[in-house]
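Working notes for the structure below.
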Amino acid sequence: MSSAAPGVQEVIPASDVAEAELYHPHSWLTKYVFSQDAKIIGIQYTVTALAIGTVALVLSWLMRVQLGFPGVLSFIDPATYYQFITMHGMIMVVYLLTAVLLGGFGNYLIPLMLGARDMVFPYANMLSYWTYLLAVVVLVASFFAPGGPTGAGWTLYPPQAILSGTPGQDWGIILMLVSLMLFIIGFTMGGLNYVVTVLQARTRGMTLMRMPLTVWGIFTATVMALLAFPALFVGAVMMLFDRLLGTSFFMPALVELGQLREHGGGSPILWQHLFWFFGHPEVYIVALPAFGIVSDLISVHARRNIFGYRMMVWAIVAIGALSFVVWAHHMYVSGMHPYFGFFFATTTLIIAIPTAIKVYNWLLTLWRGDIHLTVPMLFALGFIVTFVNGGLTGLFLGNVVVDVPLSDTLFVVAHFHMVMGVAPILVIFGGIYHWYPKVTGRMLNEGMGRIHFWVTFLGAYAIFFPMHYLGLLGVPRRYHDLGEMAFVPPSTATLNAFISLVAFVVGFAQIVFLFNLFWSLRRGREAGSNPWNATTLEWQTPETPPGHGNWGKELPVVYRWAYDYSVPGAARDYVPQNEPMPAPTRAATGQAT
Amino acid sequence: MIFTLLFLAAVAVIAGIWLFRQGLTSKPWLESAAPAMASAPPVPAARMGLRVFITVATGFLVLLVSAYSIRMEMADWRPPPQPGLLWVNTGVLIVSSLALQWARSAAGRGDIQAVQDGLVFGGTSAIVFLLGQLMAWREMANAGYLLTSNPANAFFYIITAAHALHVLGGLVALARAGMWLRRGAAIGRLRLSVDLCTTYWHFLLVAWLVLFSLLAFAPSFSWLYAICTAPFR
Amino acid sequence: MVVALIMVLVVVGSVAFHLVSPWWWTPIASNWHYIDNTITITFWITGFVFAAVVLFMAYCVYRFRHRPGLRAMYEPENKRLESWLTVVTAVGVAAMLAPGLFVWSQFVTVPPGSSEIEIVGQQWRWSYRLPGPDGRLGLSDVRYVTADNPLGLNPDDPNGRDDVVIDNDDLHLPIGKPVKVRLRSIDVLHDFYVPEFRAKMDMIPGSVTYFWFTPTRTGTFEVLCAEMCGTGHSVMRSRVLVETEVEHRAWLSQQRAFAELEVSGR
């Protein structure tokens, strides 16, 4: 680093700033609806995703009714049940988690945290949201299409997905594939924005290694998504051809309910490779932003620098790269060449090492911190518990031979819900409690927040922890009705009923959260610009909520990394990134290695 | 998926070198100095955007090729004879690329008239290319090589269609550049716009050459699979 | 304080649940107790890590909770500590992976002298085929599937004439003999799953997959489908009877060969 004298310039004068191509809205419509402001787009993404997520939540209730109390709701027949699980899974993974973490948090936070005025391509950014919305509409439309939505399971495995033994094979599967393609197109437009903004639009002084881990997580996840989603796109196009035009990409010669179909020679495994080539990185596309956000939550609320920042960055990058060579661990018992098992088990377990490092560093950030048990901090702690739990059960499933008895049982369901359902959702909640004051200028109600946290965290744990043991017993997943099984003790029905009851309670706790979001909009405590005393740039905006262009006339200049909390010798226990400070104090004290 | 992995390895190497140059091993908490970064990035955002987009589009095409190479090992694979028209189309696309290259250098000199000629010629030849592809499709279909009759045919249609859609997208961008030219936009802006179109055209050409050689010569990749499973035998 | 206590309770509760849970794996009935052993090793390692992580977190939350005047320590990194943790983690991971890969190599290597049987899945029932006296299974193809030939055996293959076809009925296996199971499907993906055998593998239309095991316990075992296959997925059941050699031979002698079935069907 060259060293210009500190304290000379606190901001970049407007004359020095390259002209940003900001679109200036002319009407209410272009300001709030067809907005090109990344902050508005982020809010639009989040609200849409939470809305469609609520649908998926209701679907999970209906599934749990059937599993806990079989036959109580007579309209849940096998076909409906499979439609519910399929839509629940697809919505939660793609349309909720991916959309909130990248489209929501990414849009809102990337420009603010980097000191940019907006995303670099605001128009494409707007198109991204509207394409996403269209994808959601098409998805929802499949509920009303003849035959209903597809019930092929969220993995949409052919040949089953397009044959008549599966519900929704006439319209549902087509709409699902089209919706996914739209989502991918929309995401690609947004993703180009996130990546190029990080590469190009950082303010002066914001080197890569000064970026908050939130940005690192979202950035890496976006790069991964840009490379992984095309696999799903290619697969979706090919399956659409198989379904609509009668090609045989995935369709072997087969007998459909007594009739020989005209397909021939296709490979169902090919779909699985394409799907999981997208599907496994997808897990980390959801996890990496959550890792980043939780790092920042812990650091801010423990008033301590994130421990081992460099290692955290390297781990994010390493996980991102490794996650592209583990996909076939979803296919150990799929009948692919058995020798691939050696390779993929090894890569899968290696990825546990950088992941474990991240966990250690979160814990070591808590160690000798000054822990404020605020609501965001509680969610971060809850994340650590559920993520570690779910991550460790991943070591069972990743270890090829252990996967053989456990695959396709409830153990898998419990594992992925814990690790990529509950854990990232807790982070999303934590993030919303953390940044809501910046978005609205008011704090979320803390009492409701605590109720929401404890019910969600303990409830979700009580749902999914015992479920592992049902899987260990051998209860298969995706069963409409267990029926009579000699090896399943009667107590299983009790446990299933218990899990269902807890699921209802946890679901209702989300209503508290949604109510809180609306209630605090008017009634919440005034937040001020930096209620958590955080160092990162989004808390240093001249206005709260930040105005169009974020920074008023002059862009901030960054003088330090994002984690100067409790710096010895500093007057306050945090030093904002854009605050110059005399060099000697830090050089003397900062070298604790 | 071997091709995809090779492609990703290349991306990873480039990203790794770039990250390393950005000081990934520096200790940010020791840097108390003022910022050293210039306020304007060295590459215009639009150009960086195009680079990222080309990477994504390449990934998409490579995945298609991967699917193709896996599917072609199945027993029912019967590659169709390729219409000779494809050779002509390939020539047209090369001409189109050259025309844009010419427009680019003209923009560098500031020769507006030559830029216009280059854009018009490049755009027209790209349209001719698309029409030629359409005729190649008809030729195939008339000869009885239908989409459903063999997966090799289906891949031919899908791969050419995917490429053609990318060409269409490029034509939209080219039309925008032409619009700026007619409105008499500043030379800097025009230069960037023409430059981006040219880069994209070269990408389209390279992509087509690779895809075309794949379709025309239908090389078998079983040896690659053999290499990858060899250690286990 | 309360938060730390609840976190401790989460750990205590989880361990207690693990110990008293009535839901545990079924008594094994095949040679794959190695798999169970690997699971046990994994449980010990991961259980220890889980308890250590959450208890450490609870301790931190309690010990370093905010109090007036408390100030966090400023410590950007500690290379030695991080290196140590990395090494220890790598060792733990290797301790799980090594036995896993070792057992996997056994899993994919069918011992010589195994008898071969075939299991065919279709929506939504199971069928089985055993080689006749010649010990060989005949060729098959979905194009031959008819009501009388539900498994699509090639009528022209002499090896298949004596094959025993069991359509929609129980499978009988002799105890103590390694079996290579050839898996086929004639419509969609299925997965032959007997929890007591531990081993399973998907069946894929258009190709033949396999796994092998040795039944080690006599009894009747339930067959489930473990790969989603449409609306009838959860009712796709069958049974496997593992019996002594003598019983098995007696049962086999009552079964009809494919050639006889074909004749009776005409």
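The values are calculated or read from the model by the stated rules, or taken from the named source; none is laboratory data. Since we're looking at a predicted model, the values are computed, not measured. Ideal geometry is used to build each Cβ from the backbone, glycine not excepted, and the neighbour counts take in all protein chains shown.
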Residues in the stretch A:481-491 that are farther than 16 Å from A:G71 by Cβ, within 7 Å of another protein chain (Cβ to nearest Cβ) and either surrounded by 15 or more Cβ atoms within 10 Å (Cβ to Cβ) or within 37 Å of the chain's Cα centre (by Cα) (or both) total 4
The stretch A:255-279, residues that are surrounded by fewer than 24 Cβ atoms within 10 Å (Cβ to Cβ), assigned to a helix (DSSP H, G or I) and more than 11 Å from chain B (Cβ to nearest Cβ) | A:G279
Can you find a residue in the stretch A:190-212 that is modelled with pLDDT under 95 and under 16 Å from B:S66 (Cβ atoms)?
-> no
Close pairs (7 angstrom Cβ cut-off, 6 or more residues apart or separate chains): touching a residue at least 12 places away in the same chain (Cβ under 8 Å) and buried (at least 20 other Cβ atoms within 10 Å of the Cβ) in the stretch B:54-74, among the polar types (S, T, N, Q) and assigned to a helix (DSSP H, G or I) anywhere = B:V62/B:T4; B:L63/B:T4; B:S66/B:T4
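Residue by residue, here is whether (1) without any contact (Cβ under 8 Å) to a residue 24 or more places away in the chain; (2) outside any helix (DSSP H, G or I) holds:
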residue	(1), (2)
C:N37	no, no
C:F48	yes, no
C:A58	no, no
C:R71	yes, yes
C:Y74	yes, yes
Can B:V172 be described as more than 30 Å from B:R71 (Cβ to Cβ), modelled with pLDDT of 85 or more and exposed (fewer than 13 other Cβ atoms within 10 Å of the Cβ)?
-> yes
Just one listed residue, out of A:T494, A:T535, A:T544, is hydroxyl-bearing (S, T, Y) and part of a helix (DSSP H, G or I), and it is A:T494
Unique residue being of a type in the set (G, A, S), within 12 Å of another protein chain (Cβ to nearest Cβ) and either under 22 Å from C:I204 (Cβ atoms) or in a loop (DSSP other than H, G, I, E, B) (or both) when the list is A:G147, A:G168 = A:G168
Is one or more of the residues making up the stretch A:251-260 in contact (Cβ under 8 Å) with a residue 40 or more places away in the chain and within 30 Å of A:L133 (Cβ to Cβ)?
-> no
Could we say that B:L86 is part of a helix (DSSP H, G or I), modelled with pLDDT of 95 or more and of a type in the set (A, V, I, L, M) here?
-> no
Return yes or no: is C:K200 more than 8 Å from every other protein chain (Cβ to nearest Cβ) and within 28 Å of C:Q106 (Cα to Cα)?
-> no
Residue that is nearest to the other protein chains (Cβ to nearest Cβ), among those in the stretch A:189-206 that are at negative phi and out of contact with any helix residue (DSSP H, G or I) (no Cβ under 6 Å at 6 or more places or on another chain) = A:R204
Please tell me if C:F192 is within 18 Å of the chain's Cα centre (by Cα) and either over 17 Å from C:M236 (Cβ atoms) or within 9 Å of another protein chain (Cβ to nearest Cβ) (or both).
-> no
If you check C:S253 against the conditions, is it free of Cβ contacts under 8 Å to residues at least 12 places away in the same chain and facing another protein chain (nearest Cβ under 7 Å)?
-> no
Quick one: which residue in C:D162, C:D156 is closer than 18 Å to C:S115 by Cα, at pLDDT below 90 and of a type in the set (D, E, K, R)?
-> C:D162
Selected residue [outside any helix (DSSP H, G or I), under 22 Å from A:G165 (Cβ atoms) and not polar (S, T, N, Q)] from A:I76, A:I85 | A:I76
